[in-house]
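J.: Take this structure, written in C-alpha cells, and hold onto it; I'll ask about it next.
Coordinate-derived values only; no laboratory data. Nothing here was measured: the structure is a model prediction, and the numbers come from that model. Positions of Cβ are generated from backbone atoms using ideal geometry, with glycine treated the same way; all protein chains shown enter the neighbour counts.
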Amino acid sequence: MQNRSSEEVRVTAKTVDVALKEAASLLNVEQGDVDYRVVSQTNGGFFSFLAKKVEIAAWSKVNGSSKKRVPASASTNEQADMSDREIEELKDDLREFCAGICQYVSGQDVKVTAELADQRLILDIDDEYMSAQIAKNSKLAESLEHILRKKPRHLKRELPFRIFVDVKGVRRKRETDLVELARDLSEKVHENKRPIVLNYKSSYDRKIIHMALDKDDRVYTKSIGTGPNRKLMILPIKKKDEADGQYEQV
C-alpha cells in the first residue's frame with residue numbers, strides 16, 4: 001500500500017531495501033538521495049532490516065526533488081573506489097551497529113572497537129557475556145559477520161574489506177595458534193611422509209589451516225567426510241596418489 005503526498009511517500013514492502021528502491025522510483029531520485037523513517041514493522045524487532053513486512057515514510061534529501069534518478073546502466077560511480085572518508089564513515093557505522101546488536105543480546109552497554117588491518121574490518125567486542133556466548137558457540141561470531149555484511153545496503157558495490165568479529169582478541173589469538181600448528185603439522189607430514197587428519201568441528205578452524213598451508217609446496221590439504229563429520233587432511237605432495245593409505249589422526 002502506498003500513500004503519496006507532495007513531500008513524502010509511504011511504502012510497504014518485505015524489507016527496508018525493497019521499500020527504499022520503490023520510494024526512490026516514486027520520488028524520481030537515486031536511492032542514495034532518499035531519507036526515511038520506519039513507520040511499522042513485523043517479525044523483525046531489533047533486526048529491522050530482516051523484518052518480513054515493513055512500512056517506511058520516505059522523502060528526497062534533494063531540495064525540490066530536482067535531482068533525477070539515473071538509470072543503473074548510465075551510472076559511472078557505482079564501481080568507483082570508496083574515499084578514505086567514506087570508508088571511515090562505514091567503519092564507524094558498522095562499529096555502532098555491532099555494539100547495538102551486542103547490547104540487545106547482553107542487556108547492557110557494550111564497547112566495540114574497530115580496526116582496519118589486512119584488508120579486514122576487525123570489530124572487537126569487549127564484553128564478558130558475549131565472550132562466554134561465542135566461546136560456547138563459535139558460529140555466533142560468523143552469524144554476526146553475516147548480519148554486518150548485510151547492513152550497508154545503500155552501497156552499490158562490494159564492501160572494501162572483509163568483516164571479522166572478535167571478542168577480547170580471542171579469535172585472532174586462535175588464528176595465530178592455528179597457523180603455528182599448521183606449520184608444525186606440515187613439517188611432521190613432510191618428514192614422515194604420512195597424512196594427518198584433523199578432527200576440528202569448526203569450519204572456520206579448518207579454513208584457517210587450509211589457508212596457512214595453501215602455498216606450502218611440501219603438502220596439500222583435503223576435506224573428507226560430510227556434515228558434522230567433516231574433517232581436514234594434510235597430505236604429503238609425493239603421496240598425493242596414496243591419500244587413502246594409513247594416516248594419523250589429531
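J.: Taking amide hydrogens as modeled 1.01 Å from N in the peptide plane, which residues meet the under 5 Å criterion relative to ASP166, leaving out close sequence neighbours?
T.: Excluding prolines and chain starts, which carry no amide H, the hits are LEU123, ASP124, ILE125.
J.: Counting Lys +1, Arg +1, Asp -1, Glu -1, what net charge surrounds GLN108 among other residues with beta carbon under 13 Å of its beta carbon? Provide the component values of the computation, followed by the final result.
T.: On the way: positive: LYS111; negative: ASP109, ASP126, ASP127, GLU128.
Local charge sum for GLN108: -3.
J.: Below 22 Å, Cα to Cα, which lysines can LYS238 reach? Residues fewer than 8 away in the same chain don't count.
T.: LYS188, LYS193, LYS215, LYS222
J.: Between their Cα atoms, which of LYS61/LYS91; LYS14/LYS150; LYS139/LYS201; LYS91/LYS207; LYS61/LYS150; LYS21/LYS61 are more than 18 Å away from each other? Intermediate results must be reported in sequence, preceding the final value.
T.: On the way: LYS61/LYS91 23 Å; LYS14/LYS150 15 Å; LYS139/LYS201 11 Å; LYS91/LYS207 25 Å; LYS61/LYS150 23 Å; LYS21/LYS61 15 Å.
Where the Cα-Cα span goes over 18 Å, the pairs concerned are LYS61/LYS91; LYS91/LYS207; LYS61/LYS150.
J.: Moving to a separate point now. Could you work out the relative contact order of the range 84-168, using alpha carbon pairs under 8 angstrom and six or more residues apart, expressed as a whole percent?
T.: RCO, the range 84-168: 32 percent.
J.: Among 83-94, 139-150, how do they line up from the highest to the lowest mean number of other beta-carbon atoms within 10 Å? Each step should come with its number before you reach the end.
T.: Details: 83-94: 13.7, 139-150: 15.9.
Ranked by mean Cβ neighbours within 10 Å, highest first: 139-150, 83-94.
J.: Calculate the spin-label point distance for ASP35 paired with THR226, positioning each point 7 Å from the Cα along the beta-carbon direction, and give it in nanometres.
T.: Label at THR226, label at ASP35, 5.4 nm between them.
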